[in-house]
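> Shown below is the structure under consideration.
The values are calculated or read from the model by the stated rules, or taken from the named source; none is laboratory data. Source: prediction; values computed, not measured. Using ideal geometry, Cβ is built from the backbone for each residue, glycine included, and neighbour counts are taken over all protein chains shown.
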Amino acid sequence: MISAVLGMQFGDEGKGKLTDFLSDRFQVAVRFNGGGNAGHTVVVNGKTFKFHLVPSGSLRCETVVLGNGMVIDPHALIQEIDNLRASKCKASIKISKMAHVVTPMHKVLDRKEEEIRSKLSIGTTAQGIGPTYEDKYARTGIRMIDLLSAEILREKIDTIFRMKESLLKDTEFSSPSARETMVLDLFRSGKLLEPYMEYTEVTVRQLYDEGKSILFEGAQGTMLDIDFGMYPFVTSSNALAGALSLGAGFPFRKVDYVIGVVKAYMSKVGAGPFPTEIQGDDAHNLRELGREYGTTTGRPRRVGWLDIPLLRYAIKMNDADALAITRLDTLGEMDKIRVCVSYKKDGQEIDYIPRTFREMDDLELEYIDVKPWGKISESLIKEHNFAVLPEPMKDYIKLIENHLKVPVDVISLGQGRENTLVRDGSRLRDQEPFLQDSDQSL
Ligand code: IMP
């Protein structure tokens, strides 16, 4: 089966956890967008792994691919590969020669651009993502393959510096010797990463032709998509399912099953419109219960109630076949739970998602209250049986399915891989795990 996992909200839905859970059913995991801005947390046997660049399927898939649509900090990647190897991970790692390179200069540019935006600042992760994609589209970008030539690196760094000199003139990179040090450092990283570099669109196609099962792994979420999110409070790449075609060079028509990951409530880091955001005690409780602090930046996340109109939009934009709902354990512990079921203007329901603060001004949100289900006991979770779960929680899932007309195939009740339940009737049931429990060291 060819499948894709995508975030249906503002990122941080739990895609990493889901991908890791599914990774014993897929031989190949492929990332196709974003870079170190993503923070995917995976917990296995009580041990926490944090991935920013390598796919979250890395612990168990045979092959993992970092596609051309990604932007990669070579230092950070070497570190992640070292960590994986130290954890006895045996996955074969393939990095696209065409992926773009994030340098320390891009990280400085990210901060400088945010300063200039001032009131309009996005609250980026400061990982150099925006400036690296800017260079890609300005056709001055550095690609992974360029790391193999100090001469090309020197030319490209010089061009980027001259184009962005007004921003860089008061920084360490105004010094030619600092730029030369960076060139040599990047070149050294390139040498270390060379054995992993390939034209990965060819590799992925070959793996497909050999009949391997492939899982495409989205980063960020629909509302952070540069075209269809809350622009300008978005990331600099496309985060929708369709982005895998261009970010991995694989035809979207061949994808059999798109699963949208939905956190049972909403959360967001960074600025921008957030229709169902809550404040005060409820927000504080939800943030603390869910430990809602950014994986990449540690910033407290903004939180809110589940937003059905926004999810309806995300499901359509990604053509999601099914949903995985995460953090149901967290939400159940709130003493009050609400769900936004429609957006209205002048008392009339609207069928689009307002994308600007101005449009948001006169937006009326219709909420319904839902009964909390309390703390779910470990023993109940371990039964892996939907039937025994608390009735109000099952009602919450039914409410989501009824409003969105898409089945909830997976339920996540805790950070660990074992706290995940695939429902009867899910298409994932046709894709039995390849690995036996005894084979699973990771
Ligand atoms: P950038 O991608 O670092 O440029 O940040 C742009 C916006 O996207 C900011 O609001 C970030 O907080 C947000 N963002 C980027 N990546 C992620 C992610 O993986 N999860 C959640 N938010 C993200």
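> If we keep just the residues of the stretch 211-226 that are surrounded by fewer than 24 Cβ atoms within 10 Å (Cβ to Cβ) and touching a residue at least 12 places away in the same chain (Cβ under 8 Å), which is nearest to the ligand (Cβ to nearest atom)?
The selected residue is ILE226.
> Condition check: within 15 Å of the ligand (Cβ to nearest atom) and either within 24 Å of LEU246 (Cα to Cα) or not aromatic (Phe, Trp, Tyr) (or both). Does GLU115 satisfy that?
Criteria met by GLU115.
> Please find, among SER377, SER412, the residue that is among the small types (Gly, Ala, Ser) and surrounded by 20 or more Cβ atoms within 10 Å (Cβ to Cβ).
Within the list SER377, SER412, the selection yields SER412.
> Checking the structure you have, find out if any residue of the stretch 333-346 is closer than 30 Å to LEU84 by Cβ and among the aromatic types (Phe, Trp, Tyr).
Among the residues of the stretch 333-346, not one is closer than 30 Å to LEU84 by Cβ and among the aromatic types (Phe, Trp, Tyr), which makes the answer no.
> Are any residues in the stretch 254-298 outside any strand (DSSP E or B), more than 21 Å from THR222 (Cβ to Cβ) and of a type outside the set (A, V, I, L, M, F, W, C), and if so, which ones?
Once the filter is applied, which keeps residues that are outside any strand (DSSP E or B), more than 21 Å from THR222 (Cβ to Cβ) and of a type outside the set (A, V, I, L, M, F, W, C), the stretch 254-298 yields LYS254, GLN279, GLY280, ASP281, ASP282, HIS284, ASN285, ARG287, GLU288, ARG291, GLY298.
> Among the numbered criteria (1) farther than 19 Å from ALA38 by Cα; (2) surrounded by 18 or more Cβ atoms within 10 Å (Cβ to Cβ), which single criterion is violated by ARG85?
In the conditions (1) farther than 19 Å from ALA38 by Cα; (2) surrounded by 18 or more Cβ atoms within 10 Å (Cβ to Cβ), ARG85 misses (2) alone.
> May I pose another question? Across the stretch 351-367, which residue is nearest to VAL341 (Cα to Cα) among those that are hydrophobic (A, V, I, L, M, F, W, C) and surrounded by 13 or more Cβ atoms within 10 Å (Cβ to Cβ)?
Step by step, filter the stretch 351-367, then rank; the result is LEU365.
> Scan the stretch 230-241 and give yes if some residue there is within 16 Å of the ligand (Cβ to nearest atom), over 29 Å from VAL42 (Cβ atoms) and not assigned by TED's automatic domain parsing to the domain that holds LYS107, otherwise no.
The answer is yes; a qualifying residue exists.
Conditions (1) out of contact with any helix residue (DSSP H, G or I) (no Cβ under 7 Å at 6 or more places or on another chain); (2) over 27 Å from SER166 (Cβ atoms); (3) within 16 Å of the ligand (Cβ to nearest atom), marked per residue:
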residue	(1), (2), (3)
LYS47	yes, yes, no
VAL65	no, yes, no
LYS88	yes, yes, no
ALA99	no, yes, yes
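> Quickly run through the stretch 15-40 and pick out the residues that are within 11 Å of the ligand (Cβ to nearest atom) and within 21 Å of GLU418 (Cα to Cα).
Matches in the stretch 15-40: LYS15, GLY16, GLY39, HIS40.
> Test of understanding: among LEU153, LEU109, LEU147, which residue is within 25 Å of LEU53 (Cβ to Cβ), in contact with a helix residue (DSSP H, G or I) (Cβ under 7 Å, 6 or more places away or on another chain) and touching a residue at least 60 places away in the same chain (Cβ under 8 Å)?
Result of the check over LEU153, LEU109, LEU147: LEU147.
> Can LYS268 be described as within 16 Å of the ligand (Cβ to nearest atom) and under 27 Å from GLY130 (Cα atoms)?
Yes; evaluated as a whole, the condition is true for this residue.
> Let me ask something else about it. Inspect the stretch 248-257 for any residue being more than 16 Å from the ligand (Cβ to nearest atom), at pLDDT 95 or above and small (Gly, Ala, Ser) and give the result as yes or no.
Yes: the stretch 248-257 contains one or more residues that are more than 16 Å from the ligand (Cβ to nearest atom), at pLDDT 95 or above and small (Gly, Ala, Ser).
> Examine the stretch 98-121 for a residue that is of a type in the set (Gly, Ala, Ser) and within 26 Å of ARG302 (Cβ to Cβ), and state whether such a residue exists.
Yes, there is a match, as at least one residue in the stretch 98-121 is of a type in the set (Gly, Ala, Ser) and within 26 Å of ARG302 (Cβ to Cβ).
> Which of the residues that make up the stretch 355-390 are free of Cβ contacts under 8 Å to residues at least 12 places away in the same chain and in a helix (DSSP H, G or I)?
Selection gives ARG358, GLU359, ASP361, GLU378, SER379, LEU380, ALA387, VAL388.
> Right, here's the next one. Has the stretch 38-49 got at least one residue that is closer than 22 Å to THR124 by Cβ, modelled with pLDDT of 95 or more and either buried (at least 21 other Cβ atoms within 10 Å of the Cβ) or assigned by TED's automatic domain parsing to the domain that holds LYS268 (or both)?
No, the conditions are met nowhere in the stretch 38-49.
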